[in-house]
Each structure stands twice: as C-alpha cells, then as structure tokens.
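The values are calculated or read from the model by the stated rules, or taken from the named source; none is laboratory data. These numbers come from a predicted model, not from an experiment. So basically every Cβ, Gly included, is an ideal-geometry build from the backbone, and we count neighbours across all protein chains shown. Heavy atoms of the whole protein, side chains included, go into the accessibility calculation; ligands, DNA and RNA do not. Shrake-Rupley method; radii C 1.70, N 1.55, O 1.52, S 1.80 Å.
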Amino acid sequence: QVQLVESGGGLVQAGGSLRLSCAVSGSRFSIQAMGWYRQAPGKQRDLVASITRGGSTNYADSVKGRFTISRDNTKNTVHLQMNSLKPEDTAVYYCNANILMGVFWGQGTQVTVSS
C-alpha cells in the first residue's frame, strides 16, 4: 500500500522559512512526477510546485523565487524549501506522487504564517 507522509509544517512569522518533507513508501514502481499543493480555507487545492523524476521543476507564479522543490529518487522523498514566507502562504500543504498505478496524496501539513 502506497503511503505519503509529510512533515515540517508549523507556525512561522512573515519573512521566515520552513522546509517541508514528504516520504513515499510501499511503491513497487518508480515514482514519476511529484509535487506540492496547498489549500487555504474556503479555497480550492492549487499546485505550488512540481518536479519530474529527471529534476525539471515548475512553480506557481506566487511562489517563484521564494520556494524551491527538490527530490531524492534513492530515498523516495520530496522537499519544499519555503523562504520569505507571507501570510497568504497560510494553508494546508499536500504532497502528491504520480506512480504507474495512480496518483497518491499525503494527509497534509498545516503551514501558518503570522503577520
């Protein structure tokens, strides 16, 4: 059974940094694209950043220059380094993994940025 476990969320002041991590276990197949999404209260879940198995990245315009996504294919992990955080970055952040048999999600981790 494929499982994604996120860690690293929390409360931080505006301008601060957080690093989110996600570990994938239980997959017999290679993990293709991985990504981070976020969902604020009353809003839809939106893509924050994604990364292919080969390392190509894509970012939402709102986080370009502040967030960096990375992955370790040997450990089946993906990370999101978040710098210069803003109150509008407050949301539940979800890890996502695309594997041969489907798309899988983590349980989410809360990020709260105070002004």
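So here's what we get for this one:
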item: Filter pass, S62 being touching a residue at least 24 places away in the same chain (Cβ under 8 Å), at positive phi and out of contact with any strand residue (DSSP E or B) (no Cβ under 8 Å at 6 or more places or on another chain); result: no
item: Verdict on K75 being outside any strand (DSSP E or B), open to solvent by 20 Å² or more (accessible area, probe 1.4 Å) and more than 19 Å from G8 (Cβ to Cβ); result: no
item: Residue match in the range 87-101 (condition: among the acidic types (D, E), over 17 Å from F29 (Cβ atoms) and touching a residue at least 12 places away in the same chain (Cβ under 8 Å)); result: yes
item: Lone qualifier among V113, V24, V48 - being touching an Asp or Glu at 6+ places or on another chain (Cβ under 6 Å) and of a type outside the set (S, T, Y); result: V113
item: Pair list, Cβ under 9 Å, 6 or more apart: the range 43-55 residue more than 27 Å from T74 (Cα to Cα), other residue open to solvent by 30 Å² or more (accessible area, probe 1.4 Å) and basic (K, R); result: R45/R38; D46/R38
item: Hits in the range 78-100 - residues which are buried (at least 18 other Cβ atoms within 10 Å of the Cβ) and closer than 20 Å to G42 by Cβ; result: D89, T90, A91, V92, Y93, Y94
item: Of residues in the range 27-69 being outside any strand (DSSP E or B) and of a type in the set (A, V, I, L, M, F, W, C), the one surrounded by the fewest Cβ atoms within 10 Å (Cβ to Cβ); result: F29
